[in-house]
Amino acid sequence: MKVRASALGKMMATPRSKGELLSQTAKSYIKEVVLQDKYGIYKEFNSRYTDKGNQTEDEAIQLVADVLDLGFVFKNEEKFQNDFVKGTPDVITNDLIIDCL
């Protein structure tokens, strides 16, 4: 099982009781990933906020580049993974990897 980089916070949540190894949040996320990977069942999610974020992502990336004085940058489309984590960072430069959550 590989966790999306954006979901690491869910996996690292603290359990409510000392006897538990994983939090309920982590357990729910693991179930969701297993359903996706093993059975191809994906949880549908959309909202006007995520729609707006998707629409303005290019502008946000350019704003970050302007504020950090990075010059011209472009949206990364390449996916990366190792033994534990998978994801697609928004921008990759020679010095930085930027992911605007």
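Each residue in segment 90-100 was checked for being open to solvent by less than 70 Å² (accessible area, probe 1.4 Å) and touching a residue at least 40 places away in the same chain (Cβ under 8 Å), and 1 of them qualify.
Given the criterion under 25 Å from V3 (Cα atoms) and touching a Lys or Arg at 6+ places or on another chain (Cβ under 8 Å), identify the matching residue among K79, K43.
Values: K43 fails: touching a Lys or Arg at 6+ places or on another chain (Cβ under 8 Å).
None of the other options fit; the residue is K79.
From D37, D58, which residue is of a type in the set (D, E, K, R), more than 22 Å from M1 (Cβ to Cβ) and without any contact (Cβ under 8 Å) to a residue 60 or more places away in the chain? Only one candidate passes the filter, namely D58. The single condition among (1) in a loop (DSSP other than H, G, I, E, B); (2) among the β-branched types (V, I, T); (3) over 24 Å from D99 (Cα atoms) that V34 does not satisfy is (1). Quickly run through segment 44-70 and pick out the residues that are among the hydrophobic types (A, V, I, L, M, F, W, C) and either closer than 24 Å to E32 by Cα or open to solvent by 100 Å² or more (accessible area, probe 1.4 Å) (or both). Passing the criteria: F45, L63, V67.
What pairs come out if I take residues in segment 8-31 that are closer than 22 Å to D99 by Cα and pair them with residues that are surrounded by fewer than 15 Cβ atoms within 10 Å (Cβ to Cβ) and hydroxyl-bearing (S, T, Y) whose C-beta lies under 9 Å away, six or more apart or interchain? Partner pairs satisfying both residue conditions: K10/S28. Residues of segment 76-85 that are open to solvent by 60 Å² or more (accessible area, probe 1.4 Å) and at pLDDT 90 or above: E77, E78, K79, F80, Q81, N82, D83. What single numbered condition from (1) at pLDDT below 90; (2) of a type outside the set (F, W, Y); (3) assigned to a loop (DSSP other than H, G, I, E, B) fails to hold for D69? Here D69 meets the rest and fails (1). Does M1 fit the bill of being within 16 Å of the chain's Cα centre (by Cα), within 26 Å of D99 (Cβ to Cβ) and surrounded by 15 or more Cβ atoms within 10 Å (Cβ to Cβ)? It is false that M1 is within 16 Å of the chain's Cα centre (by Cα), within 26 Å of D99 (Cβ to Cβ) and surrounded by 15 or more Cβ atoms within 10 Å (Cβ to Cβ). Against the conditions (1) open to solvent by 60 Å² or more (accessible area, probe 1.4 Å); (2) among the β-branched types (V, I, T); (3) touching a helix residue (DSSP H, G or I) at 6+ places or on another chain (Cβ under 8 Å), V73 satisfies every one except (1).
The values are calculated or read from the model by the stated rules, or taken from the named source; none is laboratory data. Remember, it's a predicted structure, so these values are computed and weren't measured experimentally. We place every Cβ from the backbone using ideal geometry, glycine too, and count neighbours over all the protein chains shown. To get the accessible areas, we keep the full protein, side chains included, count just its heavy atoms, and leave off ligands, DNA and RNA. Shrake-Rupley method; radii C 1.70, N 1.55, O 1.52, S 1.80 Å.
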